[in-house]
Amino acid sequence: MARYDYDIGVIGGGAAGLTVAAGAARLGVKVLLVDKEDRLGGDCLHYGCVPSKTLISSARARYIMANAADYGLPPIELPPVEFSSVARRISCVINEIQKHDSVERFNALGVEVRFGNARFTDNHNVLINGESLSAGKWVLATGSSPEVAPVPGLDTTPYLTNTGIFSIEQLPSHMIVLGGGPIAIEMAQSFARLGSDVTLIQRSTQILSKEDEDMASVVMDSMKRDGVRFILGARLELVRSSGHGVEAIVRYGEDREAVSGDLLFVAMGRTANVSGLGLSDIGVEHDQRGVKVDDRLRTSRKNIYAAGDVTGKYRFTHAAGYEGGIIVSNAVFKLPRKTDYRWLPWCTYSDPELASVGYNERRAKVDGIDYRAVVEEFSSNDRALAGGEGRGLLKLVLDKKDKPLGVQIAGAHAGELLGEWIAAVNGGVGLATLAGAVHPYPTLGEINKKVAGTVLGEKLFSPRVRSILKFLFSYRGQ
């Protein structure tokens, strides 16, 4: 039997790669972890989830101060934001979390960590910094990068993506945002709250185009109140440098406009990091979207697995972690575990947040599913009103037997509120159990109980039940 330098080699030190490396090493497997950067943590830690949520928290703090009068407090005259201070706070949070993803920690688990570019010479051997190293199994977890958008003039115009936006020194006076997905939405709202004029330009007629229109509108209405200007259904004719920054030439409907700003932020998709790995040379199928995998996350070369953004499936950190666990089951335990994304949740961290699990109405219609939706408004929740957070909706999507197909929440702390539904749908917990559970009062979580109770109430207080009860009471009275 062939002998290799390592049992498992992992290329990429983000969420998926770290999950596989840590899990396999703790089980006594000899693991090599390779990353092209000189640090672990991947895009999420350094350019994605962590810095963006830190920025969002700073922006929300300023928003609350700026709106002190809404809470019965004296108005506050706020000085301009020094973004360098915000950037330092972001860096401090990254450095603190970096300790969990340190080389020392993974070395202590038994993982050998190397930094450099990796390229396959065959399906077992990889060239790293001129040295050939072999492994019985390999895991591709190289992540994704901002897509180079096909916008005329972009190649000669200075712009930023998520890899550079968190370390700028000055707050832009006018920021132009290209894109309407989660990254674009979170950054547009945050910079508007920090004091920038923000114009968001989107190709489609709806932001967050994978979400239901009524849920996305909750987010958009809030952003408009924050001062974000939207140009939707727009065609970008040209972007270019101008005397004081950048300019975007936009056509929407019968109108044509030149939008000027001093910073251009581009968030128009992601592309899988597959170049330079030698995948075509060894027969690993892939395209511009990502590496092709089966439901056990094996590539076309069965000893090579792939997980996380590089597969192009679900580009979320929690999805990458989940997929890493699937690979450990298959590659280490040799248990044929398959991926199941039916109840994979996600959340856009706008204010209010928009969180989702399972089907929304848009997807249900596309798949031809017979469904109905029950909606509960945050304005009927006492805690939401007390906290000045009465804007929002919870939508429960049900099949024809009134079993949950999915839940969407556009409201305060939606990502946290979704946790109860994630546990319920994964554990097969029925609506009767949710409706019967006692929540502390007043809490936002009562909205989950209320919408479940609404569905049960429709049956409990139906004319049929009332007629049955009327008969029983009349019978007992005889």
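Quick notes on this structure:
- Within the span defined as segment 228-241, one or more residues are open to solvent by less than 50 Å² (accessible area, probe 1.4 Å), touching a helix residue (DSSP H, G or I) at 6+ places or on another chain (Cβ under 7 Å), in a loop (DSSP other than H, G, I, E, B) and of a type outside the set (D, E).
- Checking each residue in segment 409-419 for being part of a helix (DSSP H, G or I) and buried (at least 19 other Cβ atoms within 10 Å of the Cβ) picks out A414, L417, L418.
- Long-range neighbours under 8 Å by Cβ, at least six apart or interchain, first residue more than 25 Å from E389 (Cα to Cα) and polar (S, T, N, Q) within segment 354-377, second open to solvent by less than 90 Å² (accessible area, probe 1.4 Å) and outside any strand (DSSP E or B): none
- Breaking point among (1) modelled with pLDDT under 95; (2) closer than 30 Å to R372 by Cβ, for H244: (2)
- In segment 312-322, the residues that are in contact with a Lys or Arg (Cβ under 8 Å, 6 or more places away or on another chain) and not in a loop (DSSP other than H, G, I, E, B): A319
- For segment 329-383, a residue qualifies if it is under 15 Å from V397 (Cβ atoms), of a type in the set (F, W, Y) and in a strand (DSSP E or B), and exactly one does: Y371.
- Within segment 434-457, residues that are in contact (Cβ under 8 Å) with a residue 60 or more places away in the chain sit with their Cβ atoms under 7 Å from residues that are open to solvent by 50 Å² or more (accessible area, probe 1.4 Å), at 6+ positions apart or across chains, in these pairs: P442/D382; P442/R383; P442/A386; T443/R383; L444/R383; L444/H413.
- Each residue in segment 275-296 was checked for being buried (at least 21 other Cβ atoms within 10 Å of the Cβ) and either charged (D, E, K, R) or within 22 Å of the chain's Cα centre (by Cα) (or both), and 3 pass.
- When the residues of segment 193-211 are filtered to those that are in a loop (DSSP other than H, G, I, E, B) and among the hydrophobic types (A, V, I, L, M, F, W, C), the one that is surrounded by the fewest Cβ atoms within 10 Å (Cβ to Cβ) is L208.
- Candidates S132, S85, filtered to the one that is farther than 22 Å from S275 by Cβ and open to solvent by 20 Å² or more (accessible area, probe 1.4 Å): S85
- Subset of segment 421-445 [under 20 Å from S356 (Cβ atoms) and open to solvent by 30 Å² or more (accessible area, probe 1.4 Å)]: I422, A423, N426, G427, G428, V429
- Here I76 passes the criteria (1) closer than 24 Å to H318 by Cα; (2) at pLDDT below 95; (3) β-branched (V, I, T) except the one numbered (1).
- Cross-chain or 6+ apart pairs with Cβ under 9 Å, segment 270-283 first and under 21 Å from G48 (Cα atoms) and at pLDDT 95 or above, then assigned to a strand (DSSP E or B) and open to solvent by 50 Å² or more (accessible area, probe 1.4 Å): A272/H286; V274/H286
- R383 being modelled with pLDDT of 95 or more and surrounded by 15 or more Cβ atoms within 10 Å (Cβ to Cβ): yes
- Picking from residues in segment 58-82 that are over 26 Å from G390 (Cα atoms) and open to solvent by 50 Å² or more (accessible area, probe 1.4 Å), the one that is farthest from the chain's Cα centre (by Cα) is P79.
- For segment 138-192, a residue qualifies if it is in contact with a helix residue (DSSP H, G or I) (Cβ under 7 Å, 6 or more places away or on another chain), open to solvent by 10 Å² or more (accessible area, probe 1.4 Å) and among the β-branched types (V, I, T), and the qualifying residues are T142, T163, I168.
- Enumeration of residues in segment 385-408 that are more than 20 Å from E211 (Cα to Cα) and part of a loop (DSSP other than H, G, I, E, B): G387, G388, E389, G390, K400, K401, D402, K403
- R39 fulfils the conditions (1) open to solvent by 50 Å² or more (accessible area, probe 1.4 Å); (2) closer than 20 Å to V310 by Cβ; (3) touching a strand residue (DSSP E or B) at 6+ places or on another chain (Cβ under 7 Å) except for a single criterion, (3).
- Note on segment 253-274: residues that are at negative phi and either within 29 Å of the chain's Cα centre (by Cα) or open to solvent by less than 40 Å² (accessible area, probe 1.4 Å) (or both) total 14.
- Of all residues making up segment 260-312, the number that are small (G, A, S) and more than 14 Å from G12 (Cβ to Cβ): 9
- Residue pairs whose Cβ atoms lie under 7 Å apart, sitting 6 or more positions apart in sequence or on different chains, and linking a residue in segment 1-26 that is more than 8 Å from A141 (Cβ to Cβ) and part of a loop (DSSP other than H, G, I, E, B) to a partner that is at pLDDT below 95 and open to solvent by less than 10 Å² (accessible area, probe 1.4 Å), do not occur here.
- Cross-chain or 6+ apart pairs with Cβ under 8 Å, segment 167-182 first and more than 9 Å from L264 (Cβ to Cβ), then open to solvent by 40 Å² or more (accessible area, probe 1.4 Å) and β-branched (V, I, T): none
- Test result for P79, without any contact (Cβ under 8 Å) to a residue 24 or more places away in the chain, under 21 Å from P172 (Cα atoms) and part of a loop (DSSP other than H, G, I, E, B): yes
The values are calculated or read from the model by the stated rules, or taken from the named source; none is laboratory data. What you see is a predicted model; the values in this text were computed from it and never measured. Glycine also receives a Cβ, built like all others from the backbone with ideal geometry; neighbour counts cover every protein chain displayed. Quick note on the areas: whole protein, heavy atoms, side chains included, nothing else; ligands and nucleic acids left out. Shrake-Rupley method; radii C 1.70, N 1.55, O 1.52, S 1.80 Å.
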